Amino acid sequence: MSIEPLVKATEVSKRFHVQGKVLRAVERVSFELHPGKTLGVVGESGSGKSTLGRVVLKLLEADGGSVTFEGTDLSKVPRKTLRQMRRHMQMVFQDPMASLNPRMTVFDAIEDGLKIHGIGKSAAERRMRVEEVLERVGLPRSAGVAYPHELSGGQLQRVGIARALALRPKFVVLDEPVSALDVSIQAQVIQLLRELRDEMQLAYMFISHNLAVVEYLSDEVLVLYLGEVVEQAPVEELFAKPSHPYTQALMRSVLKVPTSPDEVQDLTPISGEIPSPFAPPPGCPFHPRCPVAQEVCRQKKPEIREISPGHRVSCHLA
Ligand code: SF4
């Protein structure tokens with residue numbers, strides 16, 4: 001018996017119309033996500049990662065396909081119901097400073113969300129909930145009286161996470177949540193996210209360009225290029241057997257922690273620039289940058305196909 005996923009995206013697409021031109025930001029992306037699991041989404045800037053996160057939360061309207069949350073099609077729910085469902089579908093942003101009101105204390109910022117969603121019968125109950133969540137993300141209760149400018153980057157991101165978690169969500173989109181933090185703080189926040197996921201059985205969509213972090217936190221990974229999935233696989237399989245030349249190039253372009261003092265890493269940046277999403281190349285969109293491109297790649301777009309259970313690749317040679 002298959003268990004109903006918490007979040008299910010089917011052939012989701014999003015286009016933007018800019019000065020008479022069409023930008024295909026997300027093209028026919030599908031995935032399923034279960035409680036307690038993490039879907040990593042990787043790709044260079046402009047690959048459509050953040051747009052996908054916003055479309056899945058219905059902060060942006062999809063142009064095609066569907067997203068269901070606990071079996072309910074988000075495109076079909078009335079506004080009022082969607083507002084009620086939002087407490088279960090939260091987002092944590094890359095820059096917590098930008099998402100916090102500089103004139104609100106940390107306590108007020110977190111309590112505000114509780115009030116909007118009618119959580120907590122009294123001020124005392126809300127206070128208890130805010131203090132509990134601050135403690136859970138590793139901040140002292142006294143942090144509640146601070147204003148955002150009085151906190152460090154790591155503390156601010158903990159506030160961003162606390163604000164989302166105070167609503168006891170089921171699904172959280174984490175959009176580059178550690179990329180603005182110092183490396184030492186990144187590890188602490190990632191560890192915290194992992195603990196919270198396991199403890200609360202949260203489902204995460206974890207958007208990042210940092211493959212090491214994605215590997216640590218994810219169960220399944222989507223690799224996006226120009227808005228399309230080029231590879232999708234369980235995390236161990238993707239890192240053991242990356243099958244799309246773009247995934248392989250991404251992996252060669254990031255610095256890894258060496259496993260021995262003698263290990264020398266062959267660090268190779270991906271060649272060429274990401275093409276304009278307004279005019280993607282014909283055939284395989286990766287062909288101008290692909291080191292193994294063939295004539296067929298310039299002529300014909302590859303279809304995504306399953307090469308082993310749960311491992312899908314869009315490449316003529318895979
Ligand atoms: Fe490279 Fe061709 Fe595969 Fe595209 S289809 S990734 S160009 S080999």
Check your understanding: Can you list the residues, at least 5 places off or on another chain, whose amide H is less than 5 Å from the amide H of Gly65, using H built in the peptide plane?
Key -> Ser13
Review point. Of Gly64, Gly154, Gly20, which is the most mobile in a GNM of the chain whose springs link Cα atoms less than 10 angstrom apart?
Key: Gly20
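Counting pairs of alpha carbon atoms under 8 Å apart in space and at least six apart in sequence, what relative contact order in percent does the chain give?
Normalised by residue count, the contact order of the chain is 21 percent.
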Point to revise | In order through segment 146-158: 3J(HN,Hα) via Karplus (6.51 cos²θ - 1.76 cosθ + 1.60), integer Hz, x for Gly, Pro | key: 7, 9, x, 5, 8, 10, 7, x, x, 5, 4, 5, 5
Point to revise | Phi to ³J(HN,Hα) by Karplus 6.51 cos²θ - 1.76 cosθ + 1.60 over segment 106-116, Hz, x for Gly, Pro | key: 4, 4, 4, 4, 6, 5, 3, x, 5, 5, 4
Exercise for review: Show the residues, 5+ positions off or on another chain, whose built amide H is closer than 5 Å to the amide H of Met91.
Suggested key: Val173
Exercise for review: Taking DSSP loops as anything outside H, G, I, E and B, show the longest stretch in the chain free of GluC sites (Glu not before Pro) there with at most 11 other beta carbons within 10 Å.
Suggested key: 62-262
Review point. What residue among Leu250, Tyr216, Leu238 has its Cα farthest toward the positive end of the dipole of segment 210-253, where the charges are +1 on Lys, Arg and -1 on Asp, Glu, each on the Cβ?
Key: Leu250
Review point. So if R0 is 51 Å, what FRET efficiency would Glu150 and Lys76 give, r being the distance between their Cβ atoms, rounded to the nearest 0.05?
Key: 0.70
**Study point:** J(HN,Hα) series, segment 60-75, from Karplus relation 6.51 cos²θ - 1.76 cosθ + 1.60, nearest Hz, glycine and proline x
**Key:** 10, 7, 6, 9, x, x, 9, 10, 10, 10, 6, x, 9, 6, 5, 6
Practice item. Sort out for me the Cα centre separation of segment 1-71 from segment 88-153, rounded to whole Å. Key: 28
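We did not get these values from a lab; they are worked out from the coordinates using the rules stated. Please read all numbers here as calculations on a predicted model, not as lab measurements. So basically every Cβ, Gly included, is an ideal-geometry build from the backbone, and we count neighbours across all protein chains shown.
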